[in-house]
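The values are calculated or read from the model by the stated rules, or taken from the named source; none is laboratory data. Since the structure is predicted, the reported quantities are computational estimates derived from the model, not experimental observations. Every residue, glycine as well, gets a Cβ built from its backbone with ideal geometry; the counts of neighbours run over all protein chains shown. In case anyone asks, the SASA skips ligands and DNA or RNA and just uses the protein heavy atoms, side chains included. Shrake-Rupley method; radii C 1.70, N 1.55, O 1.52, S 1.80 Å.
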Amino acid sequence: MVHFSQAFAAALLATGVVAHPGGNTNKEILRRQAHLDHPERRSVQACKRDLVESGWVREQHLRREARLHELRVAAGFAKPEDLVRRDVGEVEEEYGINAACTLDPEATEGPYWVTGELIRKDLLNTEKGAITHLDINVIDTSGCKPVTDAYVELWGSNATGVYTGVQARGNGDGSNTSLKSNALRGLQPTGSNGTATFITVIPGHYVGRTNHLHTIIHHGAKLLPNNTIQGGTISHVGQFYIEQNFMGQVEKTSPYNTNTQKVTTNAADPLFNMGKQGGDDPVMKISLIGTKIEDGLYATIDVGVNPKAKQNPQPVNMWTTDGGKPVPNSPWTGYPDTCRYCGFRPPKKERDIAGEVLQGEE
Ligand SMILES: *[C@@H]1O[C@H](CO)[C@@H](O)[C@H](O)[C@H]1NC(C)=O
Ligand SMILES: *[C@@H]1O[C@H](CO)[C@@H](O)[C@H](O)[C@H]1NC(C)=O
Ligand SMILES: *[C@@H]1O[C@H](CO)[C@@H](O)[C@H](O)[C@H]1NC(C)=O
Ligand SMILES: *[C@@H]1O[C@H](CO)[C@@H](O)[C@H](O)[C@H]1NC(C)=O
């Protein structure tokens, strides 16, 4: 696996598949490479036996089936007595192998992370799109247990591929119209099963990137009276994706079908391909709540982290009661034209980020 990924990274560096609005891909390739090669890197798959034996896989499967059923009943697509359970043995067998379950591709925070977002479950504000009930389980792959005291941060672009809280050339029309919105951004605590839940929309595509959601996992942060967090450490920076055929169906629905930005498929997105390496699977498992996409979606994914790992993502803005405000000296300030992280090749110093990741994960 290591040899394959090294060859893959070298090939990507050589082809120069780099300059695009996902951020600095060279830096990204090196960081991802360091992650894949790290001797302590473990996948959720490595915890399969512990998680199955402790009954956690079974419990989580039953919990998620019951939740989907509850959403179906609430939306009028099922009766309470309709719940038909899948064979749990089969689920345990498959755990960590197929797309239903997953792990931690360390991926870039990208140019649009806004820190200081609110702790809240419903991120919609007034955004339209394929409404998605997202259920994220966080697993400590160093101890093979759910992480019960983390905060999961989530953000994504809107259905037409524009981020809130930021202003940048290429983010929509480049104007400041979404600067005052915090839609599709927020955090949730993991709770007793290691689960954080959100309501958001399937993100729209934008130039150079396939559809994706961003996540950051925070540990040891302090809850402030205004419902934000402060301090702590970040063990994981990742991106979740949508299976391509399904995404194609979503893109045909309104308002996705009004997005005029050029499409990038999963297969054509270098960050997606990096995220798929090393046995990792960053694709969410998505079920229809009703009979069509417009009836709403239920999505699940498991994220493996080492809570002691320390990543150092950089926010471009900070959320305030007056909208998104610049974070002083952010390396993303000026994106995509003049920022420190904008360049075709990262500056020498940034290339050493691989070393930083190795130290951080000890
Ligand atoms: C954790 O999972 C168990 C078993 O599915 C469930 O009974 C319990 O309500 C869950 N706890 C939370 C906080 O969701
Ligand atoms: C947004 O830009 C307009 C000019 O295009 C300006 O008048 C306004 O003050 C700006 N608003 C913010 C929040 O920056
Ligand atoms: C996405 O955000 C942009 C900027 O605020 C807005 O113009 C557009 O209408 C939004 N898309 C949808 C589907 O609401
Ligand atoms: C929340 O409180 C912190 C600490 O006082 C402050 O820095 C931050 O701006 C506040 N955030 C919001 C959204 O009110």
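Summary of computed values
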read-out: Surface per residue (accessible, 1.4 Å probe) for the range 18-324, Å²; value: 39 Å²
read-out: Alpha carbon convex hull of the range 18-324, volume per residue in cubic angstrom; value: 126 Å³
read-out: Per-pair calculated FRET efficiency, R0 = 25 Å: ASP50 and ASN273 via Cβ, rounded to 0.05; value: 0.25
read-out: Amide H contacts of LEU297 (H built 1.01 Å from N, under 5 Å, at least 5 apart or other chain); value: ILE131, THR132, HIS133, ILE289
read-out: Share antiparallel - DSSP beta bridges, the range 18-324, percent rounded to 5; value: 75 percent
read-out: Volume in Å³ per residue [convex hull over Cα atoms, computed for the range 124-253]; value: 131 Å³
read-out: HN-Hα J in Hz across the range 159-164 - Karplus 6.51, -1.76, 1.60, θ = phi - 60°, x for Gly and Pro; value: 4, 9, x, 10, 8, 7
read-out: Residue-level accessible surface for ASP82, protein heavy atoms, 1.4 Å, Å²; value: 70 Å²
read-out: Extended-chain gain in nm, criterion 0.36 nm per residue less alpha-carbon gap, ASP337 and LYS262; value: 25.0 nm
read-out: Per principal axis, descending, Cα span of the range 108-189 in whole Å; value: 46, 25, 19
